[in-house]
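In what follows, a single structure is set out as structure tokens and then discussed.
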Amino acid sequence: SFEHPNLYGKLTGYENLKYFAGLFQGPTEDPMQLLDMVGLADAAKRRASAYSKGMKQRLVFARALINKPSILFLDEPTSGLDPATAERIKALILEKRDAGCTVFLTTHNMLDADRLCDTVAFLNSGRIVAMDSPRELKLAYGSRSVKVETRVDGRIETHTLFPAREEDRNQLSQLISSSTAETVHSQEATLEEIFIKLTGRGLDG
């Protein structure tokens, strides 16, 4: 805990990482380089206890990388972060993954899961109800559809069609060939929609 008076409360961000680096016998990352990677270089000499919640979260993330782990466990790593900082953290996660690190990520953010994960497991009441790549989950449990917007008498009309059905395929062909079609977008089920379909409940944390 950053607030514990006898542990890290009086340490700066740099000293915090330096302390944790000293707990490992193997090679470790450079503390200043890690702080720079998570956007805390300017706060390196400030006490960690004075960091904001988001800054503390970034420091904890940097701490998890200090020993160059081959397996990394992350729990909601982008929760509460501003969009720019969240993108920086996600880029680091992908960088670690691409370097061969095995990353276990717990998240309720299905956009993050879709982007960051090679394999997604849905947990419901402590049980895995589905596990596969995001793409395969969408193919297995989602309904692919096409949204076509047409303009009729100055009004925009939206048609959602399912190519698996012959009647929808015929209508889609007619709409595309007509002069009224303005936009055509393919759609697939999101991971959140699939989670709700499999569990009957939303991702409310």
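The values are calculated or read from the model by the stated rules, or taken from the named source; none is laboratory data. Since we're looking at a predicted model, the values are computed, not measured. Cβ atoms come from the backbone with ideal geometry, glycine included; neighbour counts cover every protein chain shown. Each accessible area value is taken on the protein alone, full model and side chains, heavy atoms only, with ligands, DNA and RNA left out. Shrake-Rupley method; radii C 1.70, N 1.55, O 1.52, S 1.80 Å.
Accessible surface for LYS68 stands near 100 Å², nearest 10, in the context of the full protein assembly shown (1.4 Å probe).
Here the dipole of the range 144-203 is about 160 debye; that uses its Cα centre as origin and unit charges on the Cβ of Lys and Arg (positive) and Asp and Glu (negative). Here is what passes the span test in the chain: the DSSP H helices with alpha carbon length of 15 Å or more along the helix axis and a Kyte-Doolittle mean of -0.5 or above are 53-65, 83-98. Charges were assigned to the Cβ only: +1 to each Lys and Arg, -1 to each Asp and Glu. The resulting dipole of the chain about its Cα centre is roughly 760 debye. Computing FRET efficiency as 1/(1 + (r/R0)^6) for SER177 and MET131, where r is the C-beta to C-beta distance and R0 is 30 Å, gives about 0.10. The residues packed around SER173, meaning those with a beta-carbon under 15 Å from its beta-carbon, carry a net charge of -1 if Lys and Arg are +1 and Asp and Glu are -1. The aspartates and glutamates within cross-link reach of LYS45, meaning a Cα-to-Cα straight distance under 20 Å and a gap of 8 or more places when in the same chain, are GLU3, GLU15, GLU29, ASP30, ASP36. Once you reduce the range 17-77 and the range 125-183 to the center of their Cα atoms, the two points are 44 Å from each other.
The stretch between ASN170 and ALA91, if pulled fully straight at 0.36 nm per residue, gains 24.2 nm over its current Cα-Cα span. The modelled label-to-label distance between ALA84 and PHE104, using points 7 Å beyond Cα along the C-beta direction, is 3.5 nm. You can think of it this way: the chain between GLU188 and ASN124 has 20.8 nm of extra reach, that is 0.36 nm per residue less the Cα-Cα gap. Between the labelled values (i) 9, 37, 36, 16, 2, 0; (ii) 8, 25, 24, 19, 13, 8, 4, 0; (iii) 8, 32, 33, 20, 7, 0, the entry that holds P(r) over Cα pairs in 10 Å bins from 0, in percent as derived from this structure is (ii). The local environment of ALA21, defined by Cβ-Cβ distances under 15 Å, has a net charge of 0 under the rule Lys, Arg +1 and Asp, Glu -1. Its Cα centre serving as origin, the range 54-163 has a Cβ charge dipole (Lys and Arg +1, Asp and Glu -1) of approximately 240 debye. Pairs from the table (LYS90/LYS197; LYS96/LYS197; LYS56/LYS138) lying more than 29 angstrom apart at Cα are LYS96/LYS197; LYS56/LYS138.
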